[in-house]
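Note sheet for the following structure.
Any read-out appearing in this document is the output of simple, stated calculations on the displayed coordinates, not a laboratory observation. Treat the numbers as computed from the prediction; the structure is a model and nothing was measured. A quick note on method: Cβ atoms are made from the backbone with ideal geometry, for glycine too, and the neighbour counts reach across all protein chains shown.
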Amino acid sequence: MNYTTDDIHNKVKKLLYGLTGITLADNKDIMISNRIEKLKRDSKFKGDIMELLQLIEEGSYVTDFINSFTTNKTHFFREDFHFLDLKNRAIPELVKSGNNISMYCSASSTGEEPYSMAMTLLETQEELGKRLNASIIATDIDTNVLQYAANGVYRYSKSSKEFPSWIKPPKYFKKRVQKNLSGEEILIKVKDELKKMISFQVMNLNDSSYPFSKNQFDIVFCRNVLIYFSSEDQNKILKKLFSHLKIGGTLYLGHSENPQDLVNYVKRVGQNIFIKEKEIF
Ligand SMILES: C[S@@+](CC[C@H](N)C(=O)[O-])C[C@H]1O[C@@H](n2cnc3c(N)ncnc32)[C@H](O)[C@@H]1O
């Protein structure tokens, strides 16, 4: 065993960057140790950690390794002003054009974000009194969260403020009370009407190209994921996403993210809300 903890941390960072583009800062070393130890335990790997990392480098345990190092924090209607903008501005404008509405959620985690997009679509449809033809593609690199999202069952706390006043959860979820050792918990299950609006797919934002056509989407959500990438890689991802957004389409970014080099090609219409004005040539 001829290596140091630093060697392990550096190897994890190098592997993770190569596979996902995620950059782990130096202050994440404790997290790295905890997560790689957990991966070793969960996969019942008998050798030492450097051997496990060597196998990952050779192509084994790759999905488990990626899933171990993603951060999946999310909730329904996170940064709710984006959903208000969808309901009050973006969707009504798209409805006027009469075309199908094509939406993309590029880091969907456990599904709360794309389901919030779908609920917003249905609410807007009701407000406008017009049937909308809309579809949502939701992708993530983490296969565990995608499975969770497709299953669509969430813990619900009465005290949680996850849903804005204009959403009535019983309209979109079936409620089930489950008894467990610590008492009772309320589970909510996404109704089929909402589920069938979304297609969940695995996709790595770090891939050199994405499986979509040019100008495919009217709406792109890319929130709270760019923060895991270097500034150079954020630019690369944003430019790829931008090529799939229509002119006049809307890009929503997370609260601490910015459009980087796209700044000269977009018009800002709200808090981290950008309309595509022209293509990048
Ligand atoms: C913090 S969550 C954000 C979820 C949601 N967008 C939100 O704002 O609540 C970040 C998500 O980005 C995903 N992710 C990280 N690196 C990725 C990559 N290279 N390609 C695709 N998704 C990635 C993670 O798996 C995780 O689910």
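Some observations on this one:
- Failed condition for SER199, given (1) surrounded by fewer than 19 Cβ atoms within 10 Å (Cβ to Cβ); (2) outside any strand (DSSP E or B): (2)
- Residue in region 171-190 that is within 12 Å of the ligand (Cβ to nearest atom) and part of a strand (DSSP E or B) present: no
- Within region 234-281, tally of residues that are part of a helix (DSSP H, G or I) and surrounded by 15 or more Cβ atoms within 10 Å (Cβ to Cβ): 12
- For region 202-229, residues that are within 11 Å of the ligand (Cβ to nearest atom), assigned to a strand (DSSP E or B) and of a type in the set (A, V, I, L, M) total 1.
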